[in-house]
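Input: a single structure, listed below in structure tokens.
Quick note: the coordinates plus some simple rules give every number you see, no bench work behind them. This is a predicted model, so every value here is computed, not measured. Methodologically, a virtual Cβ is constructed for each residue, glycine included, from the backbone with ideal geometry; neighbour enumeration extends over all protein chains shown.
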Amino acid sequence: MELFVLLDHIRSAYNVGSIFRTCDSASVDKLLLTGWCATPPNPKLDKTALGSINNVQWEHHCRPQDAIRMLKDQGFKIVCMETTKDAKLLFSYQYQHDTCLIFGNEETGISPDLLNLADEVIKIPQYGIKESLNVASAAAIAIYEFRRQDPKPAK
């Protein structure tokens, strides 16, 4: 299965850089940066990506909806990571298709337009008083859960 990751208007270049590093570590097939996400070259990305930008295929789309429609046409399942009341729990979700995981803006989350395009909405269980994790931390957990279910040989 292929795994793409789409970032919906992530405002922190440091978060984007950290997600680049996770995508490299987990061998994500492509990272899609949308809206006002920082793109290479950018010194803030470099600080947290630590050279991984050169190992990750990426592209920028002004409108995330366009990228999602393109992926749906290619048979990808669109899975939004969001803490909605009807979201399924991450660790009970079974990946069975090429998948695009979507992560939203640090303050506003995934836009309603994108949630309406999703095939599934899943969330990471929360046990404390906060209702969400930092987007880079959430991306690492979700990406590695995909990789656990569809392993690639480790280096």
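Observations on the model:
- Cα-centre dipole for the chain with unit charges at Cβ (Lys and Arg positive, Asp and Glu negative), debye to 20: 380
- Among the trypsin sites (Lys or Arg not before Pro) in region 60-95, those located in a DSSP loop and surrounded by at most 14 other Cβ atoms within 10 Å of their own Cβ are Lys85.
- Listed residue pairs exceeding 21 Å between alpha carbons, taken from Lys30/Lys152; Lys85/Lys152; Lys47/Lys123; Lys88/Lys130: Lys85/Lys152; Lys47/Lys123
- Within the chain, percent of DSSP bridges classed antiparallel, to nearest 5: 5
- Here region 3-149 is described by how far its Cα atoms reach on the three principal axes: 39, 39, 29 Å, from widest to narrowest.
- Restricting region 1-60 to chymotrypsin sites (Phe, Trp or Tyr not before Pro) in coil, as DSSP defines it, with at most 11 other Cβ within 10 Å: Trp36
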